[in-house]
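In what follows, a structure is listed as structure tokens, so that the remarks can point back to it.
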Amino acid sequence: MVLKIISFFAACAIAPLPGSAQAALFSGSADTSLQEVVVRAFNSNMRWKEVPAAVAVLSARDLQQSTPVSFVPVMNTVPGVRMEERSPGSYRLSLRGSLLRSPFGVRNIKVYWNDIPLTDATGNTYINLLDLQQVSQVEIAKGPAASVYGAGTGGAVLFNQPLAFTDTAANRFRLGFTAGSYGLNQQQGEWQYSNTRLSSTVQLNRLQSEGYRDQSALLKSGLVWQTAINGGAHRWNTLFFYTDLSYGTPGGITAAQMQLNPRLSRQSAGGLPGALEQKAAIYNQTVLGAVRHQYRISEKLSLKDFISLSSTRFSNPFITNYEKRNELNISTGLQLVYQPFASQPQLQWINGMEWMINEASINNFDNRGGIAGAIQYGDMIYSRQGFFFSQLKLPLGNRLTASLGFSMNHQAYQYKRLSDPGSQFQNRTINEAFVPRMALSYRINNQLQFYALAAEGFSSPSLAELRPSDGNFYPFLNAERGWNMEAGIKGFLLQQRLSFDLAYYRFLLRDAIARRTDAAGAEYFVNAGNVLQQGVELMLKYRIYSSAHTFIQSIMLNNGFSYQPYRFKDFRQGTAQLDGKQLTGVPEIVNVLGIGLEAKQGWYLNATLNTTGSIPLNDANSVSAGSYELLQAKLGKAFTFKQTRINLFLGADNLLNQRYSLGNDINAFGNRYFNPAPARNWYAGIRFGLH
């Protein structure tokens, strides 16, 4: 089946074309937009190919090529990235295998939205609060980010939606509606206003789904208001964000149950009720406000700073308890950028810091069929995380540029069980004085760039690991750390019709944090040993056809390949030594092939084939999820009617009707590893834009 699909894609790409079209194919006409993309990761403000790191950029065009309701398909086109959705709204994200310690959500990755950290002082990120409408570009920095982003061994993800100023006052309105299988419906609205001094946008979104499985319904509503004020030497940005999110958590099932009925939720067993009986779900109401400021002090010196405040009300009726959590987060940061010569952007020195505080009141009650009963225990936890960094970018001749940096990191927790009379605060502090990052970039010619880097990663245990769902406190859990060595080459070939990014990396992670579960399914975490994560990533984008004179005007072929033979080294599970076993939850080979066609009269077609190898589901590698081929496609037509821009589209997911699990429960108790993904499903929608 896979060979047939690849053959079909290839046939589309090289099918005989009219004479004028064939002439255009070999004329060198191409879209060189990638070369003009400015990457902001590591404060580089450099063109993509010049950045000495494995940084991938997803443009607004990329984000619009698949479903409008989920980040998952487009994020998974990037080599080394694996995003999962165990049920609607339940996201999990990993970079280069950073999944071992993440039963849900995002850990070990620093996430920013418009330069405001979404990752809190506990190391947790509620990435599912974001809507695709609220992002127009994504930058993904893979591997330890050390010098600029502080602690973390997975990398950093930067979600951006910049606001633009216009010479004359302008209003823009956008509306969107999407409907699809399993009761999917989505409504989006946006208003933008801009002039030479002010830019403002208000966005509303609502997303609902009945879900593919029992106890997997989703309802999310959100509001975002952003402004940018141009004050000459000063620029101010404000952000107000509110999301009300609820989704069912059906839980894992066994392989036999998945084959019998993949729509089942977790069943009752061993005296414990099932997910449907306990109405297992997540409820999250989060409000965030932030102010960001930029000040150009002089031609050589500039200052950037921010402050944000957020509050989260989180509830989780689970199988064994009902957790209620109130969180308050404060974060602030600043950067001082010194660039002595405007004509020499390669010479730059940046110093900065970030400081975050989290206050969490966590209470666990009996779960009586989705209703909170008697209290089991109540805790108060204060978390503080901060780091200082310095980074120097230095030209070493006409072709060679060096980047040298380090961060100094601090993580502290104060824990007290309020439900135990006379209990005292327990303290846990983790410091790492010096975490370096060094990179070299060599310009081979105007189209090709080689880079090499060495970076240390350091990642403290998160609050959800020190105080996991089993309700205990684990103060002696240690931080992960390790060195990443990497080399790569990237740039353009074939008269800029082909862009590529090839990287090899070797990362030895020490004191790896691993998830364990007890008989009730409650989790806890241990430092299990070391992991060798080495691999190869290859990204290719090839415009094989471009012509303004034929019906098919453009054909683009994309391919993302990841080879990830990660292995345990000196790794333990209880008394068992697991050296040489494959890293849990990570497929060894992933290949994502995509084709995009644009035609006259606004027609377009995008199709993606994701081929993922088998995935070990426990540390002993005794159980694996089978490989799968996920075919997705989107057909649409964009046109203008009077003053309104209209985009109609029809899409399909899992066209091959594969039975697979997109988000497995690793090291699960009772063999409940699988969270089945939807069967073949459809969606259709319309977007209106009035300018």
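Observations on the model:
- Whichever residue in the stretch 222-241 is within 24 Å of the chain's Cα centre (by Cα) and surrounded by fewer than 17 Cβ atoms within 10 Å (Cβ to Cβ) and, among such residues, is nearest to Leu129 (Cα to Cα): Leu223
- In this structure, Gly689 does not satisfy being of a type in the set (Gly, Ala, Ser) and either within 21 Å of Leu95 (Cα to Cα) or buried (at least 22 other Cβ atoms within 10 Å of the Cβ) (or both).
- Scan of the stretch 650-676 for residues that are in contact (Cβ under 8 Å) with a residue 40 or more places away in the chain and more than 23 Å from Ser622 (Cβ to Cβ), ordered by number: Gly651, Asp653, Leu656
- Matching entry among Gln186, Gln192, Gln133 (being of a type outside the set (Ser, Thr, Tyr), at negative phi and part of a helix (DSSP H, G or I)): Gln133
- Selection count, the stretch 620-649, where residues are without any contact (Cβ under 8 Å) to a residue 40 or more places away in the chain, out of contact with any Gly (no Cβ under 7 Å at 6 or more places or on another chain) and on the phi < 0 side of the Ramachandran plot: 9
- Of the residues making up the stretch 589-640, those that are crowded, with 18+ Cβ neighbours inside 10 Å, assigned to a loop (DSSP other than H, G, I, E, B) and not hydrophobic (A, V, I, L, M, F, W, C) are Gly613, Asn618, Asp619.
- The residue list Ala372, Ala342 contains one member that is of a type in the set (Gly, Ala, Ser), more than 22 Å from Ser423 (Cα to Cα), surrounded by fewer than 17 Cβ atoms within 10 Å (Cβ to Cβ) and out of contact with any Leu (no Cβ under 6 Å at 6 or more places or on another chain), which is Ala342.
- Considering the stretch 290-349, the residues that are among the aromatic types (Phe, Trp, Tyr) and outside any loop (DSSP other than H, G, I, E, B) include one that is farthest from Ala275 (Cα to Cα), namely Tyr338.
- Listing of strands (runs of 3 or more DSSP E) fully contained in the stretch 78-122 that carry 3 or more residues being farther than 23 Å from Thr611 by Cα and either out of contact with any Ser or Thr (no Cβ under 9 Å at 6 or more places or on another chain) or not acidic (Asp, Glu) (or both): 109-113
- Just one of the listed residues (Phe551, Phe525) is in contact with a Leu (Cβ under 8 Å, 6 or more places away or on another chain) and not small (Gly, Ala, Ser), and it is Phe525.
Residue-wise test of (1) farther than 18 Å from Tyr524 by Cα; (2) assigned to a strand (DSSP E or B); (3) without any contact (Cβ under 8 Å) to a residue 24 or more places away in the chain.
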{"site": "Gln391", "(1), (2), (3)": "yes, yes, no"}
{"site": "Ser407", "(1), (2), (3)": "yes, yes, no"}
{"site": "Tyr415", "(1), (2), (3)": "no, yes, no"}
{"site": "Asp420", "(1), (2), (3)": "yes, no, no"}
{"site": "Thr429", "(1), (2), (3)": "yes, yes, yes"}
{"site": "Ala433", "(1), (2), (3)": "yes, yes, no"}
{"site": "Leu453", "(1), (2), (3)": "yes, yes, no"}
{"site": "Gly482", "(1), (2), (3)": "yes, yes, no"}
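- A Cβ distance below 6 Å, combined with a sequence gap of six or more or placement on separate chains, defines the contacts here; from the stretch 487-502, residues that are on the phi > 0 side of the Ramachandran plot reach residues that are assigned to a strand (DSSP E or B) and buried (at least 17 other Cβ atoms within 10 Å of the Cβ) in the pairs Gly491/Gln449.
Where a number appears in this text, it was derived from the coordinates with a stated rule and is not lab data. A quick note: this is a predicted structure, and the numbers were derived from the prediction, not measured. Here the Cβ is made from the backbone with ideal geometry for all residues, glycine too, and neighbour counts use every protein chain on show.
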